[in-house]
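Trainee: Below are the structure tokens for one structure; questions will follow.
The values are calculated or read from the model by the stated rules, or taken from the named source; none is laboratory data. Just so we're clear, the structure is a prediction, and the values are computed from it rather than from any experiment. Cβ placement follows ideal geometry from the backbone for every residue including glycine, while neighbour counts extend to all protein chains displayed. Just the protein is used for accessible areas: all its heavy atoms, side chains included, with ligands, DNA and RNA removed. Shrake-Rupley method; radii C 1.70, N 1.55, O 1.52, S 1.80 Å.
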Amino acid sequence: MSGREQILGRIRRALADAGPAPEIPRDYLRTHGDRTPDATADLLAAHLTEYRATVHRAAGDAVAPLLARLLAERGARSVLVPAGLPPHWLAAADQVRIDDRSDSTPYELDAVDSVVTGCALAIAETGTIVLDGGPGQGRRRISLVPDHHICVVRVPDQVVDSVPQAVALLDPTRPLTWISGPSATSDIELDRVEGVHGPRTLEVVLLTAQ
Amino acid sequence: MTGTGGTGPGAPTDLGMPGFPPFPAAAREAVRDDTLRANLRRATHTIRDKRARAVAELADWEQLRAAGKAVKDHTLRHLDRYLIQLEAAVTAAGGTVHWAVDAAEANRIVTDLVLATGEREVVKVKSMATQETGLNEALEAAGIAAYETDLAELIVQLGHDRPSHILVPAIHRNRGEIRDVFAAEMGRWGRPAPGGLGDDPRELAEAARLHLREKFLRAKVAVSGANFMVAETGTMVVFESEGNGRMCLTLPETLISVVGIEKVVPTFRDLEVFLQTLPRSSTAERMNPYTTMWTGLGPSQGAESDGPTAFHLVLLDNGRTDTLADEVGRQALRCIRCSACLNVCPVYERAGGHAYGSVYPGPIGAILSPQLRGTASEIDASLPYASTLCGACYEVCPVAIDIPEVLVHLRERVAQGGPVTREGIRVRIRPARGHTAERAAMRAARLLLDHPGALRAGERLLARARRLRPRRLPGPGRAWTDSRELPPVPAEPFRDWWARERGGRA
């Protein structure tokens, strides 16, 4: 008998005495608190900051000079660019552009200084940005290997209040990466240290239309 | 190479901890270790206070807890159906599903998969399931080096040590000890620690970053666990903080995930509950820094490919279906491994994780290990007693496992024997050795309580002989008096006192 049949058989015998399955109560809240879109964006900024991400704000075309400045301040010489990133975002940046390609090796990614991505959405209550590999986000590894990640969030249309709202909008068949602050560990005497294996610096740009 | 103990292929499982002394003996050693106790006390108190604040932020915590409990109970009730659905979804998304009845079979499957790639090293992201099966030792026996990549797991592995906490496996080590381990051992595994390494956590984390980056960038095969598996979509979910999980899950060409069958949930929507309760219960954060979700090989291949080009899921039983067969004990399978119960447990705080002799320490380990491995060994028979039944573990559990209820249930089984399921077969076990004296005492008590005359006579005899009271009991009672003072015998039985003082009144 295969392992599969053995395990399924054991499960069925184990449950021979079991009663009906319980209903799942869904009376938990969809959001925690009632906020205006501006207040939601402020909460996102506050929670991102608390987890040691750096938050910037820009409106409309001001995103280009802001990104150019952030890359320059970092001293970046090269920047990873995922397919579908709005071209005008990096119009003012003079770093060497590296395209996100399926055949680039981890060593090549490790040699890149910074990466700029968009996101699928951001969650205010938890200070989380979610990437789903859609346009402007690239493969999962590009927001992982370079040490400096700049993520642009469109406000208010990409910001949701809560985890349940986010889950309802996401497509689980896409590769999903949820990011809440930069890489961190508390494994040594519970002292929080930012930056272990992921990017040690996470900068989030909250971009409004005007 | 690791000190996590374990088994070779074909050996019976021992949850990674062979031949360990029973809990009372191990705990006695631990409570004498002042450094260990201080480390544990500071860590558990810090994290439990933070957790309470994180939980208090959510006004609907009790509703989320009830939902999490119900999702898990519902899944367990139809576990066969959801596993078949999961298998179909993973397969449709380009993955391959394997079923492992026990540790030996899981290790054999993983070893064969690694050997088939032609590689001789793997990177691993925190997987308690593979610690449970002793995978690292099995791989080593096949000539494959397995590198743990979680910082705490690295500390444990380099230190030839064993994990002592679910979330913070090196909680028993302080920074000075970690510095010494890194300085002495990193060079034997790869990139050595920088010269003059200090004991600042920042410096130590940087040394780990450099040491492990070398391995991440060249690794072709990774082994992971998973926090959740979604039946309807085949989506796998890993919660982590450092990015070592993302490195393992996205850079290598082949990914092998070994996951206990109880980790499945029915729908993607169900994750909205655990994404709120797990981080707050474990690291006391609103959200852990990184969560990765992937479904097979993803929606497309070729130019769009994202992540490994081969994905294997090994579904592990290893005692879980036996646990499912126990009406009271099956609730332990709800566990989402948050570790909140460890941090509030007065026994864990003093004894430390090693005393539990299993990869699953603390209150949850005290009910999970004896069910996964049975109660035949001395350590497993002692685990249901490693508790004061204070109930704090139940209060904090985000899936409302009534740990005290299961502890009492398992104590009864150890002391009295009874029907259990082992390896899928219904058997009746005998009372564990060492509990015969307890049963004899209970039988004697019943006799005395059923015969008031005999009790009265016995009490009077005892009162008269009270000066002869020994400090320690002989025979099987000695273990009890090893750690306790024998209470003094009163000069007069209570019932005589009552009859004399109050007996005449109405």
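Trainee: Could you provide, to the nearest whole Å², the per residue accessible area of chain A with probe 1.4 Å?
Mentor: Here the residues of chain A average 40 Å² of exposed surface.
Trainee: Can you pull out the cysteines in the protein assembly as shown that have no other Cys Cβ under 4.7 Å?
Mentor: Flagged as lacking a Cys partner: A:CYS119, A:CYS151, B:CYS248, B:CYS335, B:CYS338, B:CYS345, B:CYS390, B:CYS397.
Trainee: Evaluate 2.2 N^0.38 Å with N set to the residue count of the range B:392-435, then give the Cα radius of gyration divided by it. Numbers along the way, then the final one.
Mentor: Numbers: Rg = 13.3 Å, N = 44, 2.2 N^0.38 = 9.3 Å.
Against the compact-globule rule of thumb, the ratio is 1.44.
Trainee: Which of the trypsin sites (Lys or Arg not before Pro) found in the range B:118-166 are in a DSSP loop and have at most 14 neighbouring Cβ atoms, other than their own, within 10 Å?
Mentor: Passing both the DSSP loop test and the Cβ count: B:ARG120.
Trainee: Now, a different point. Can you pull out the buried accessible area for chains B and A, both sides counted, probe 1.4 Å, rounded to the nearest 100 Å²?
Mentor: Summing both chains' loss of accessible area gives about 7800 Å².
Trainee: Hey, which aspartates and glutamates would be in cross-link range of B:LYS263, C-alpha to C-alpha under 12 Å, not counting anything within fewer than 8 residues on its own chain?
Mentor: B:ASP73, B:ASP317
Trainee: For chain A, taking Cα atoms only, what is the radius of gyration to one decimal and the Dmax to the nearest whole Å?
Mentor: According to the Cα coordinates of chain A, Rg and Dmax are 20.9, 69 Å.
Trainee: In Å and on Cα atoms, what radius of gyration and Dmax does the range B:212-262 show?
Mentor: When restricted to Cα atoms, the range B:212-262 yields Rg and Dmax of 11.7, 37 Å.
Trainee: Can you list, largest first and rounded to whole Å, the semi-axes you get for the protein assembly as shown by taking the square root of 5 times each eigenvalue of its Cα gyration tensor? Let's see the in-between values first.
Mentor: Working: eigenvalues 501, 145, 133 Å².
For the protein assembly as shown, the ellipsoid semi-axes come out as 50, 27, 26 Å.
Trainee: Percent antiparallel among DSSP beta bridges with both residues in the range B:230-322, to the nearest 5?
Mentor: 45
Trainee: Through the Karplus equation 6.51 cos²θ - 1.76 cosθ + 1.60, θ set to phi - 60°, convert the phi angles of the range A:162-177 into ³J(HN,Hα) values in whole Hz; use x for Gly and Pro.
Mentor: Karplus-based 3J(HN,Hα) across the range A:162-177 equals 9, 4, x, 5, 5, 4, 5, 8, 8, 9, x, 7, 7, x, 10, 10 Hz.
Trainee: At 1.4 Å probe size, with the rest of the protein present, what percent of the exposed accessible area of chain B is carbon and sulfur atoms?
Mentor: Answer for chain B is 53 percent, counting heavy atoms of protein chains only.
Trainee: If you take every DSSP beta bridge fully contained in the protein assembly as shown, what fraction is antiparallel? Give it as a percent rounded to 5.
Mentor: Taking every DSSP beta bridge within the protein assembly as shown, about 35 percent pair in antiparallel fashion.
Trainee: Viscosity 0.692 mPa s, temperature 37 °C: give me the Stokes-Einstein translational D for the range B:105-155 in µm²/s, with Rh taken as the Kirkwood radius over C-alpha pairs. Write out the running numbers ahead of the final one.
Mentor: On the way: Rh = 11.1 Å.
Stokes-Einstein gives a translational diffusion coefficient of 297 µm²/s.
Trainee: Enumerate the amide H contacts of A:VAL55 below 5 Å, restricted to partners 5 or more residues apart or on another chain; note that Pro and chain-start residues carry no placed amide H.
Mentor: Result for A:VAL55 returns A:VAL204.
Trainee: Another question, if that's okay. In debye to the nearest 20, how big a dipole does the protein assembly as shown give about its Cα centre with +1 on each Lys and Arg Cβ and -1 on each Asp and Glu Cβ?
Mentor: Computed charge dipole of the protein assembly as shown: roughly 3320 debye.
Trainee: List the relative contact order of the range A:113-210 as a percent without decimals, with contacts defined as Cα pairs under 8 Å and 6+ residues apart.
Mentor: Reported relative contact order: 34 percent.
Trainee: Taking a temperature of 20 °C and a viscosity of 1.002 mPa s, what whole-number D in µm²/s does Stokes-Einstein yield for chain B with Rh from Kirkwood over alpha carbon pairs?
Mentor: Here the translational diffusion coefficient equals 87 µm²/s.
Trainee: Could you state, as a whole-number percent, how many of the C-alpha pairs of the range B:149-238 are farther apart than 16 Å?
Mentor: Distances greater than 16 Å cover 59 percent of the Cα pairs.
Trainee: Follow-up. Calculate, for chain B, the solvent-accessible area per residue in square angstrom, rolling a 1.4 angstrom probe over the heavy atoms of the protein chains.
Mentor: Dividing the accessible area of chain B by its residue count gives 39 Å².
Trainee: Where q = 0.27 Å⁻¹, what log10 of I(q)/I(0) comes from the Debye formula for the range B:66-120, counting one point per Cα?
Mentor: -1.02
Trainee: Please sort by residue number the chymotrypsin sites (Phe, Trp or Tyr not before Pro) in the range B:347-435 whose DSSP state is loop and whose Cβ has at most 10 other Cβ atoms within 10 Å.
Mentor: Nothing satisfies the criteria.
Trainee: Whole number please: convex hull volume per residue, Cα atoms of the range A:33-127, in Å³.
Mentor: 126
Trainee: Separate question: Given the Cα atoms of the range B:91-190, and with Rh set as the inverse mean 1/r over their pairs in the Kirkwood sense, what is Rg to Rh to two decimals?
Mentor: Result for the range B:91-190 is an Rg/Rh of 1.02.
Trainee: Once phi is turned into ³J(HN,Hα) by the Karplus curve 6.51 cos²θ - 1.76 cosθ + 1.60 with θ = phi - 60°, what whole-Hz value does each residue of the range A:37-44 show in order, with x for glycine and proline?
Mentor: x, 5, 5, 5, 5, 5, 5, 4
Trainee: Excluding same-chain residues fewer than 8 positions from B:LYS215, which lysines have a Cα within less than 28 Å of its Cα?
Mentor: Within the straight-line cut-off, B:LYS215 pairs with B:LYS124, B:LYS126.
Trainee: Give the cross-link partners of B:LYS69 among the aspartates and glutamates, using a straight C-alpha distance below 15 Å as the criterion and excluding same-chain residues fewer than 8 apart.
Mentor: A:GLU23, A:ASP27, B:ASP60, B:GLU262, B:ASP270, B:GLU272, B:GLU395, B:ASP402
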